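The values are calculated or read from the model by the stated rules, or taken from the named source; none is laboratory data. Quantities reported herein were computed from a predicted structural model and do not represent experimental measurements. Please note: Cβ atoms are built from the backbone with ideal geometry, for glycine as well, and neighbour counts cover all protein chains shown.
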Amino acid sequence: MKKSTWLISVLLLSSSMALAACGDNNAEGPDNDETDGQEAINEQNNNESNEDGNNNGNDNENNEPAGEAQSGGTITAGMYSAPDHQFNPLFYTTAYDANILDLTFESLVKQDENLEFIPSLAHDWEFNDEFTELTYYLEEDVTWHDGEPFTADDVVFTYTSIADPDYVSAGGVRTNYASTLLGYEDYVAGDADTLEGVEAIDDHTVQFTFTDPNIKALADTSFYIVAEHILGDIPVGEMAEHSSAYTADEIIGTGPFNLTDYQEGEQYILDSYEDYWQGAPYLDSVVWQVVDEAIMTGMLQNDELHLLNRPGGVPAADADDVEAMENVEILEMQDLGYQYMAFKHHHGPNDSLLDKDTWVPNEKVQDVELRRAIAHAINREGFVDGLMYGAGQVMHATFPEASWAYNEDAPIKYDYDVDRANEILDEAGYEWDGDFRTNPEGGEFTLNLDYPTGNEIRERVAPIIQENLQEVGIQVNLNSPREASAHFDRVEENDTEMDMFLAGWSLASGDPDPSGYFLSTAAYNYPRYDDETFDQLMLEAITAPDAFDQDYREEKYNEWSEYFSEQLPVIPLYSQNVIYAHNANLHGITFKTHQILDDAHLWWLEQ
Amino acid sequence: MYKYITRRVLQFIPMLFLVTIVVYGLAQAAPGDPLSGEILDPDIPAEVLEERREALGLNDPIPVQYWNWLSSVAVGDFGQSMHYTGRSVADLVTSRIMNTLYLSLFALGVTILVAIPIGIYSSKKPYSLLDYSATTFAFLGLATPNFFAALIAIYFFSFQLGWFPSQGTVSSVGLTGFEYFIDKIRHLILPGFTLGLASTAIYMRYLRTEMLEVMGSDFIRTARAKGLGPSSVLYKHTLRNALIPIITLLGFEFGTLLSGAVITEAVFNYPGLGTLFLNSIQNRDYPVIMAINLILAVTILVGNLLADIFYAIVDPRIRYD
């Protein structure tokens, strides 16, 4: 190899290392990918990417496998950070642990490319007329990795454990999967011996009963199912520290692969489960290897890595290099998460964050015209093209394109238009005074913008926003970035000088309902935005009985998106794409919107 | 001597106590807590996080939290990690500490084995070709950022030549005996040399300067005059006297043996204490921060004590009573 070539390669490698240094942190930010729900991080599905021109020519990969599937072989899959080693699904928190759990555990229902629920451990289900009861009919020949049969009792055990009075203090965070069930309040308080809302009718029929008609019933019952015969004797309060949470042989699921051994922080060996109910997997084993981002490309090229999954994927800057490799194919998909710039609509005392009566409006950002002007003034297309090498999308409302709640035409689109921004500001009375504009009353006007570290692109976006806004005469005081935990601590508090802040959400694929973080009374309503119409539209979209009609919900979400874009409580900035890479000899992966691991028994390696 | 050591060890106790108070105070003073970084997905109810805060005792006043921590550490219980659900601090630290120790000792070995011979040679023949090239090489090592050196090493020795593995501490789980040992060593070579060579420059230059200075002193002239052979003069008289500053440096180095090397660990994906420490700070995982801190404080104190004891061994004029 010529000297100059390797020097360039090394320089490239080292520059990607500099990125990696930040990339490592990527996973740490609250709004980033580290801690996802079961399906919190999601990607645009294949078909969708075709439509919006994002495909890289590899879109046929999962539809037309090259020839007949072959059995045998081991693949190495890469992730950038080590799991936390909490392999009891009830207590896991990170996407890295989920990489392993997704291959070893299964749920009653899963989601297809369009995020519609499809059968998994349950082959069928039905609702009662009031939508308060959901009955699942389970597959009958499913066995756990130790050969024991899977039954309805395991389902009851799983949900009862989540509702256990000790569940949260032991470290569990998934109460949203049980809290809608009938009798949850009594059970979690210790006043009841059984959880009324989940009941085994017979070995292969299980019935969920909800307190109120539950339009999210399928999503709420889609959690991983764990084995009662393994965990049943362990008090829930001790489960997270019990050996069954980290000992390879004791992690027993129903999935196609079985964690057989691992070296902490380095590699995790999953062998195929020959008696898997959907047929023995083609592959002998899948090895998850923790790799550093800086040398990931080299490993892909050397066939040392067959698959690179989220969180992270191939950094957009390296995508061209990886795509050029003959033995590697890449696939780009939108992420369900997105980044936004929020206005802090209300301030108030710290100790009553959610008591709206104590909120004091932040006068600086109450003017909707100002918010619209700001939306026009920020060059969001520039972020996607310049900072993400095109691997991303400008967001106009908060639903990701993969969601059925998305409608391209619903929201108003604020294109980058400096003239329009100036025009709006002129009309609204923000007069020029020297380099900057004053507020409509003629006083000095400065907006304070805060942003966190931990996401490299977002860190670079902040100063550009400042520059963009200064171009139209809005003075922005850009505070120096804080570590994620410090930033969100401040965001949560109301009593700050903060006028605008940057943040992001990674969203669960289960249901598009945004009320958990936009409703004025929601704890995650960080902008502290309070608008009756806004709240009402969100609530209508989830209120029975109308909401059981998906067309009705779609309509409501269109209305909500439109109202959102009129009022602009936050300015959605962009959603970054995930770029997967896989060896050209690895076939059979279904790249779904939210998940690429749930058909792993169909993966096969061309030998 | 024993009295001296006992006195020094007893002095550790108030010092460690002060260190823990300061570190605990500083860690708690930083904004955020172990759960504020977990605002993850809006599906996790905010009340759950609040309930977990209560369960972890994060809502208690800081002195109370400190006291709870101190009283359990006093009986040897480092508690549970607040970030890694269900994992004890002891478990987390022990899973990393041996890796870090291997890596640091290997790197220290590389440093000493390279630096001392070259240092001696350079002082024996100052301004020779080897002296100049060693100096050049040493400063190159000092000036190269660790991650850059690591990437060059991986590129050549792992990707191009395929001699050494680039990631982790073992190549496959389940190796035993001699095979396991060899595999471990192979995984140590790239990160170990990357770390070790970087600090050779300091030792090499120190030793060279010190040796040259000692060589010019009267007692060396006397030693030569009374007819001692050149190697006896060099090793018995010069080197021994020149080692004092090296021992001071090594005393400090010993203290950092367990602190890990964040960047090297990251590039080679070598799971050590360094990355754990960094992550625990980012996650505000107080029990882990405190445990690692305590370990570091103890090793630094012990390292300095050892250095003091070695002074007396190397230089008989130094005595402790």
Residue check, residue A:126 touching a residue at least 40 places away in the same chain (Cβ under 8 Å), away from chain B (no Cβ under 14 Å) and charged (D, E, K, R): no
Flag if residue B:219 is closer than 19 Å to residue B:112 by Cα and aromatic (Phe, Trp, Tyr): no
Lone unmet requirement of (1) surrounded by fewer than 18 Cβ atoms within 10 Å (Cβ to Cβ); (2) in contact with a strand residue (DSSP E or B) (Cβ under 6 Å, 6 or more places away or on another chain); (3) more than 30 Å from residue A:69 (Cβ to Cβ) for residue A:562: (2)
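Looking at A:222, A:169, A:244 in this structure, which one is in contact with a Lys or Arg (Cβ under 8 Å, 6 or more places away or on another chain) and closer than 30 Å to residue B:276 by Cα? Steps first, please.
Numbers: A:222 fails: closer than 30 Å to residue B:276 by Cα; A:244 fails: in contact with a Lys or Arg (Cβ under 8 Å, 6 or more places away or on another chain).
Going through A:222, A:169, A:244 in turn, just one is in contact with a Lys or Arg (Cβ under 8 Å, 6 or more places away or on another chain) and closer than 30 Å to residue B:276 by Cα: A:169.
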Residue A:171, sole failed condition from (1) part of a helix (DSSP H, G or I); (2) buried (at least 24 other Cβ atoms within 10 Å of the Cβ): (1)
Selection from the range A:397-436 of residues that are of a type in the set (D, E, K, R) and surrounded by 17 or more Cβ atoms within 10 Å (Cβ to Cβ): A:401, A:420
Residue A:208 in contact (Cβ under 8 Å) with a residue 24 or more places away in the chain and not in a loop (DSSP other than H, G, I, E, B): yes
Lone qualifier among B:195, B:249 - being crowded, with 20+ Cβ neighbours inside 10 Å, among the aliphatic types (A, V, I, L, M) and within 21 Å of residue B:134 (Cα to Cα): B:195
Residue among A:126, A:130 that alone is part of a loop (DSSP other than H, G, I, E, B) and more than 14 Å from residue A:220 (Cα to Cα): A:130
Residue in the range A:472-486 that is among the small types (Gly, Ala, Ser), surrounded by fewer than 23 Cβ atoms within 10 Å (Cβ to Cβ) and more than 14 Å from chain B (Cβ to nearest Cβ) present: yes
Residue check, residue B:163 surrounded by fewer than 17 Cβ atoms within 10 Å (Cβ to Cβ) and within 18 Å of residue B:192 (Cα to Cα): yes
Residue in the range A:440-458 that is closer than 21 Å to residue A:377 by Cβ, under 30 Å from the mean Cα position of the chain (by Cα) and either within 10 Å of chain B (Cβ to nearest Cβ) or among the small types (Gly, Ala, Ser) (or both) present: no
Matching entry among B:188, B:228 (being touching a residue at least 40 places away in the same chain (Cβ under 8 Å) and either in contact with a helix residue (DSSP H, G or I) (Cβ under 8 Å, 6 or more places away or on another chain) or within 27 Å of residue B:269 (Cβ to Cβ) (or both)): B:188
Search result, residues across the range B:40-84 that are more than 8 Å from chain A (Cβ to nearest Cβ) and either buried (at least 21 other Cβ atoms within 10 Å of the Cβ) or part of a loop (DSSP other than H, G, I, E, B) (or both): B:57, B:58, B:59, B:60, B:61, B:75, B:76, B:77, B:78, B:79, B:81, B:82
Among the residues listed as A:541, A:547, A:600, A:581, the single one being farther than 30 Å from residue A:79 by Cα, in contact (Cβ under 8 Å) with a residue 24 or more places away in the chain and buried (at least 23 other Cβ atoms within 10 Å of the Cβ): A:541
Long-range neighbours under 6 Å by Cβ, at least six apart or interchain, first residue in contact (Cβ under 8 Å) with a residue 40 or more places away in the chain within the range A:443-464, second assigned to a loop (DSSP other than H, G, I, E, B) and charged (D, E, K, R): A:447/A:499; A:448/A:497; A:448/A:499; A:453/A:483; A:454/A:28
Residues of the range B:131-159 that turn out to be more than 7 Å from chain A (Cβ to nearest Cβ) and either in a helix (DSSP H, G or I) or among the aromatic types (Phe, Trp, Tyr) (or both), as a count: 20
Tally, over the range A:521-555, of residues that are within 14 Å of chain B (Cβ to nearest Cβ) and among the polar types (S, T, N, Q): 2
Selection count, the range B:262-309, where residues are within 14 Å of chain A (Cβ to nearest Cβ) and farther than 21 Å from residue B:25 by Cα: 14
Total residues in the range A:521-563, condition of a type in the set (Ser, Thr, Tyr), modelled with pLDDT under 90 and more than 22 Å from the chain's Cα centre (by Cα): 2
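Return the only residue of B:144, B:111 being surrounded by 13 or more Cβ atoms within 10 Å (Cβ to Cβ) and touching a Gly at 6+ places or on another chain (Cβ under 8 Å). Give the derivation first.
Details: B:144 fails: touching a Gly at 6+ places or on another chain (Cβ under 8 Å).
One residue alone meets the criteria, B:111.
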Some residue of the range B:88-111 being at positive phi and either in a loop (DSSP other than H, G, I, E, B) or over 22 Å from the mean Cα position of the chain (by Cα) (or both): no
Identity of the residue in the range B:169-205, small (Gly, Ala, Ser) and within 14 Å of chain A (Cβ to nearest Cβ), that ends up farthest from residue B:124 (Cα to Cα): B:174
